[in-house]
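The values are calculated or read from the model by the stated rules, or taken from the named source; none is laboratory data. On a predicted model such as this, the values are computed, not experimentally measured, just so you know. Positions of Cβ are backbone-derived with ideal geometry, glycine not excepted, and every protein chain shown enters the neighbour counts. Note: accessible area is taken over every heavy atom of the protein model, side chains too, but ligands, DNA and RNA are not part of it. Shrake-Rupley method; radii C 1.70, N 1.55, O 1.52, S 1.80 Å.
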Amino acid sequence: MPRFYVTTPIYYVNDVPHIGHAYTMVIADALARWHRLQGDDVFFLTGTDEHGDKIARAAEAHGVSPQEWVDATSRRFVEAWEGLDISNDDFIRTTEPRHHIAVQQFLQKIHDNGFTELGVYSGLYCVSCEDYKKESELIDGNCPIHGTPVELLEEENYFFKLSAFEGRLLEWYEANPDAVRPSSKRNEALGIIRGGLEDISITRTSTRWGVEVPWDSAHVFYVWYDALVNYLTAIGYADDPARFDSWWPAVHHILGKDIIRFHCVWWPAMCMAAGIDPPAHLLVHGWLLVSGEKMSKSRANQIAPSDLTDDFGVDAVRYFLLRDTPFGTDGDFSYEGITARYNADLANNLGNLLARVATVVGSKCDGMGPGADPDSRLAAVSATVVADAIAAWGEGQPHLALEATWRLIRETNAELETAEPWKAEPGPAVSAVLGSALEALRIVALLVSPAMPDTSAEIWRRLGLDGRPEDRRLPQDATWGGYPGGRAVEKAAPLFPRRSE
RNA sequence: GGCGGCGUAGCUCAGUUGGUCAGAGCACACGGCUCAUAAUCGUGUUGUCGCGGGUUCGAGUCCCGCCGCCGCUACCA
C-alpha cells in the first residue's frame, strides 16, 4: 500500500495561533485527506515546540512553571486545529519523554560520528531569537527581527560542523532536483549553501528548559536542534526501527518560506551527520499576507482562525486558503477576497447547483433521484476534470485541483440551462438530465472532500448516498455512472447562504 | 552590488518550443429568464500585452538597454 507521511512545522507555543499557521495546516490536512481518499496509508503529524529560554521566561512572568505554561499554551493549538477540522494522526510536543529520548539518541549519533565540537561563543545574544547576532546586522544596536536590545553573552557551546556538509548538500541537491519545491525556493536554499556555511552553536548552558545533552549534562540543546527531530520521534526513531524505516525518508515536510534555512539546509545536513537519509520532499509555501501586509504582532493584524470560521464557516475558510493562492507564492487574505470567493464559487456555483437540482428533482421526479445518463456530455467533462484534479493534488497544487473541480460545476450548471428540465414533462429525457446532474454532484462531493470535508458529507447525504465520501476510493469511485438512482434527494437550506456585504 | 522573479482588460491572473494570442474568472452595463441563494442565462465596454530599440515574412512569446516592484544573498570599492 502506498504510504504518505506529511508534516507541518511544530509551532512555538509562545505564539498565538493565527491564520498563517492555519494556512499551513489546511494545506497539509487537505493533502493528507486526498491521499487517504486514494487509499494510501497516511501519517499526518503536527505539534508544538516548547523549549527554550524565552518560554521559561514567559512562564516565570506568568507565575507558573514552564511545564504548566506549555501545557496551557500548547492546548491553544490543539483547539485551533480541532476548529479547522484538521485530521492529524498525531500531535507531538517537544516536552514529551518520547521526544527527549529521540533527540538524545539522534544527537548522540552525530556526536559519535564526530560532527560536534566544543567551543566558546562570545557574542551579542537576542533572547527572543534564542540566537547570537553579528554586530553588523543590528539596527540601532537592537535585534533586526525583534527590535529589542541584545545582551552580551559568553558561554561554552557545542557546535555542529555544518561547514563540513557544504559539498554533500550540493551533491544531494544535484541528485534530487525535486526534493525542494517549488524550484524558486530550491534556488534560495542553494543560494544559502553556496554562500558558505558556518558551524552552528547547538547547545546552551544559560537555560535548563530543554533536552539535556547526553554526553554533557551542563548543556541543553538549542531549540531548533531539538525541534526538527520531532519528525523522527513520531515515527519511532528511538523505539521502533521497523516502523521508522517504513516512513522515512519518504516524508513530505510542509513549511513556510521563512524557515527554509532550517529545513532545507540544516536539517538535511543533520540527517546526514546522524547517518540517515535526508527528507525526500520539502514543500515550501509562501506567506499569507493580510491585505497585502505581512502579519506581525507589531502591526496587530494577526487574525485568529476562529474569528473567520465563526463568520464564514470552517469549510469556506478552508476553501479560500486552498483555492486562492498557488502553492509557493505569497497569498493575500482580505475580507473582500474571501467574501468574493464565497459568493462566486460557493454560494452562486456549488450551493446554487445543489439547490436547483434538488428542487427540480422534487417537482419532476417526486424527489427520487434518477440514475446518470451514460451518454451525457458531462461524462467526458467529468473524466477530464477528475484526471486534472488527481494530477493537481498529486503535485501539491490544491488551487489547480479546485479550479478543475469547479469546471465540472460550471458545466453542469450550463447543461441544465441548455436542457431546461423544469420546463419539460417528466420522462426519460428529464430523468437523464437530472440524473447526470446528480452524478456530477456526487463526483464533485468526492473531489472537494479533502478541502471541505463537512460540505462533501452534506452533499453526499442530500443526494441520498450511503456511507461517507471519505470511505470512497479514487479514482475508481469517481468514474461516471456511480450514482445509483432511485434515491431520495433532499431539498434543504442553502449550503452557503449568499453574503451581502 | 550579485543572483532570481515579476510587470497582459477595473481586480486576480492564463498565455507550451515566436505565426486565430489578444484570453479566463471576478467586477461593471444593458437585456432575457425564473428550476435555483437579488440566483441564473445572453450580449457588451475598457487593454499601445511596463518603456525604447533589435532579430524575423511575422513577437506578450527571442536578443539588448531602461524604468518600476519583489525575493534571496552580500557588503566588495
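Here are the numbers for the structure shown:
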| quantity | calculated |
| --- | --- |
| Close pairs (6 angstrom Cβ cut-off, 6 or more residues apart or separate chains): closer than 15 Å to residue A:281 by Cα in region A:183-195, within 8 Å of RNA strand B (Cβ to nearest atom) and open to solvent by less than 20 Å² (accessible area, probe 1.4 Å) anywhere | A:189/A:260 |
| Out of A:342, A:335, sole residue that is modelled with pLDDT under 90, under 11 Å from residue A:499 (Cβ atoms) and more than 8 Å from RNA strand B (Cβ to nearest atom) | A:335 |
| Test: residue A:261 is basic (Lys, Arg) and under 18 Å from residue A:44 (Cα atoms) | no |
| Leading residue by the ranking (farthest from residue A:85 (Cα to Cα)) among those in region A:299-315 that are under 19 Å from the mean Cα position of the chain (by Cα) and surrounded by fewer than 19 Cβ atoms within 10 Å (Cβ to Cβ) | A:302 |
| Residue within region A:392-406 that is more than 15 Å from RNA strand B (Cβ to nearest atom), in a loop (DSSP other than H, G, I, E, B) and free of Cβ contacts under 8 Å to residues at least 12 places away in the same chain present | no |
| Those residues of region A:347-382 which are more than 16 Å from RNA strand B (Cβ to nearest atom), crowded, with 16+ Cβ neighbours inside 10 Å and among the hydrophobic types (A, V, I, L, M, F, W, C), in sequence order | A:372, A:379 |
| Candidate set from region A:411-422 (those that are modelled with pLDDT under 90 and open to solvent by 80 Å² or more (accessible area, probe 1.4 Å)); member that is nearest to RNA strand B (Cβ to nearest atom) | A:417 |
| Scan of region A:1-50 for residues that are part of a loop (DSSP other than H, G, I, E, B), more than 25 Å from residue A:320 (Cβ to Cβ) and among the acidic types (Asp, Glu), ordered by number | A:40, A:50 |
| Selection count, region A:489-501, where residues are more than 8 Å from RNA strand B (Cβ to nearest atom) and surrounded by 13 or more Cβ atoms within 10 Å (Cβ to Cβ) | 4 |
| Residue list for region A:100-129, filter: of a type outside the set (A, V, I, L, M, F, W, C) and within 30 Å of residue A:150 (Cβ to Cβ) | A:100, A:111, A:116, A:117, A:119, A:121, A:122, A:123, A:125, A:128 |
| Candidate set from region A:185-206 (those that are of a type in the set (Val, Ile, Thr) and more than 8 Å from RNA strand B (Cβ to nearest atom)); member that is nearest to residue A:174 (Cα to Cα) | A:193 |
| Which numbered condition residue A:329 fails, given (1) within 12 Å of RNA strand B (Cβ to nearest atom); (2) under 13 Å from residue A:19 (Cβ atoms); (3) hydroxyl-bearing (Ser, Thr, Tyr) | (2) |
| Subset of region A:442-501 (residues that are farther than 19 Å from residue A:407 by Cα and within 24 Å of the chain's Cα centre (by Cα)) | A:453, A:454, A:457, A:458, A:468, A:469, A:470, A:471, A:472, A:473 |
| Checking residue A:450 against (1) in a loop (DSSP other than H, G, I, E, B); (2) open to solvent by 10 Å² or more (accessible area, probe 1.4 Å), the condition it does not meet | (2) |
| Qualifying residue in region A:406-427 (condition: in contact with a Pro (Cβ under 9 Å, 6 or more places away or on another chain) and closer than 25 Å to residue A:344 by Cα) | no |
| Among residues of region A:53-92, those that are in a helix (DSSP H, G or I), within 22 Å of residue A:212 (Cβ to Cβ) and of a type outside the set (S, T, N, Q), counted | 13 |
| Selection count, region A:30-68, where residues are free of Cβ contacts under 8 Å to residues at least 24 places away in the same chain and among the acidic types (Asp, Glu) | 2 |
| Number of the condition not met by residue A:79 [criteria: (1) in contact with a helix residue (DSSP H, G or I) (Cβ under 9 Å, 6 or more places away or on another chain); (2) open to solvent by less than 30 Å² (accessible area, probe 1.4 Å); (3) at pLDDT 95 or above] | (2) |
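Residues checked against (1) assigned to a helix (DSSP H, G or I); (2) without any contact (Cβ under 8 Å) to a residue 24 or more places away in the chain; (3) basic (Lys, Arg); (4) at positive phi:
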| residue | (1), (2), (3), (4) |
| --- | --- |
| A:416 | yes, no, no, no |
| A:425 | no, yes, no, no |
| A:432 | yes, no, no, no |
| A:456 | yes, yes, no, no |
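Okay, residues lined up against (1) touching a strand residue (DSSP E or B) at 6+ places or on another chain (Cβ under 9 Å); (2) under 22 Å from residue A:39 (Cβ atoms); (3) at pLDDT 90 or above:
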| position | (1), (2), (3) |
| --- | --- |
| A:425 | no, no, no |
| A:432 | no, no, yes |
| A:435 | yes, no, yes |
| A:441 | no, no, yes |
| A:447 | no, yes, yes |
| A:459 | no, yes, yes |
| A:462 | no, no, yes |
| A:465 | yes, yes, yes |
| A:477 | no, yes, yes |
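Listed here are the residues, each with its yes/no results for (1) in a loop (DSSP other than H, G, I, E, B); (2) away from RNA strand B (no atom under 16 Å from the Cβ).
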position: A:209; (1), (2): yes, yes
position: A:237; (1), (2): yes, yes
position: A:244; (1), (2): no, yes
position: A:253; (1), (2): no, yes
position: A:262; (1), (2): no, no
position: A:266; (1), (2): no, no
position: A:270; (1), (2): no, yes
